[in-house]
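Trainee: So that we are looking at the same thing, I have put the structure below in structure tokens.
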Amino acid sequence: MLQSHPKKLLPVSWDTFHRDARALAWRLGDLGPFQAIICMTRGGLVPSAIVARELNLRMIETVCVTSYSAPGIQGKLELLKPPAERIIAIGGGEGRGIVDDLVDTGSTAKIVRGML
């Protein structure tokens, strides 16, 4: 029988979070140009704002997907709000960055990329 490992928490200060989001933006800047940032709510809201500011982008779109039925329990993915058609039409698939707060299975990103 497999033993479950207790979750290890890694507290992150606001200063560290902000610094890391800015560093991400600087790295993304070399991959652009970007016309819009697509924010995965709820966790991607704050880092998306920082990334958009650093990249001087004003077009920020939210995509709302839920996959957790309870804290730590992932269930079926459900699209609550798709991206706007205007965002989907940008650049034939280029020029948009997707920002979320974490990646575990990659399922959410696959769904959003499929819509774009």
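Trainee: Restricting the search to segment 30-42, which residues are in contact with a Gly (Cβ under 9 Å, 6 or more places away or on another chain) and either closer than 16 Å to residue 101 by Cα or polar (S, T, N, Q) (or both)? Reasoning before the result, please.
Mentor: The first filter runs over segment 30-42 and keeps only residues in contact with a Gly (Cβ under 9 Å, 6 or more places away or on another chain), leaving 31-38.
Within segment 30-42, 35, 37, 38 meet the criteria.
Trainee: Suppose we filter segment 54-63 for residues that are touching a residue at least 12 places away in the same chain (Cβ under 8 Å) and part of a loop (DSSP other than H, G, I, E, B); how many remain?
Mentor: Here the count works out to 3.
Trainee: Restricted to segment 79-116, and to residues that are surrounded by 10 or more Cβ atoms within 10 Å (Cβ to Cβ) and of a type in the set (D, E, K, R), which residue is farthest from residue 41 (Cα to Cα)?
Mentor: Looking at the filtered set, the residue picked out is 94.
Trainee: So for segment 22-29 (the condition being over 15 Å from residue 96 (Cβ atoms), surrounded by 14 or more Cβ atoms within 10 Å (Cβ to Cβ) and either more than 18 Å from the chain's Cα centre (by Cα) or at pLDDT 95 or above (or both)), does at least one residue qualify?
Mentor: Yes, segment 22-29 contains at least one residue that is over 15 Å from residue 96 (Cβ atoms), surrounded by 14 or more Cβ atoms within 10 Å (Cβ to Cβ) and either more than 18 Å from the chain's Cα centre (by Cα) or at pLDDT 95 or above (or both).
Trainee: Got at least one residue in segment 25-44 being aromatic (Phe, Trp, Tyr) and out of contact with any strand residue (DSSP E or B) (no Cβ under 7 Å at 6 or more places or on another chain)?
Mentor: Within segment 25-44, one or more residues are aromatic (Phe, Trp, Tyr) and out of contact with any strand residue (DSSP E or B) (no Cβ under 7 Å at 6 or more places or on another chain).
Listed here are the residues, each with its yes/no results for (1) assigned to a strand (DSSP E or B); (2) touching a Leu at 6+ places or on another chain (Cβ under 7 Å).
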{"position": "20", "(1), (2)": "no, no"}
{"position": "25", "(1), (2)": "no, yes"}
{"position": "33", "(1), (2)": "no, no"}
{"position": "52", "(1), (2)": "no, no"}
{"position": "75", "(1), (2)": "yes, no"}
{"position": "87", "(1), (2)": "no, no"}
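The values are calculated or read from the model by the stated rules, or taken from the named source; none is laboratory data. Not measured: the values here are computed from a predicted model. No Cβ is skipped: glycine too gets one built from the backbone with ideal geometry, and neighbour counts run over all protein chains shown.
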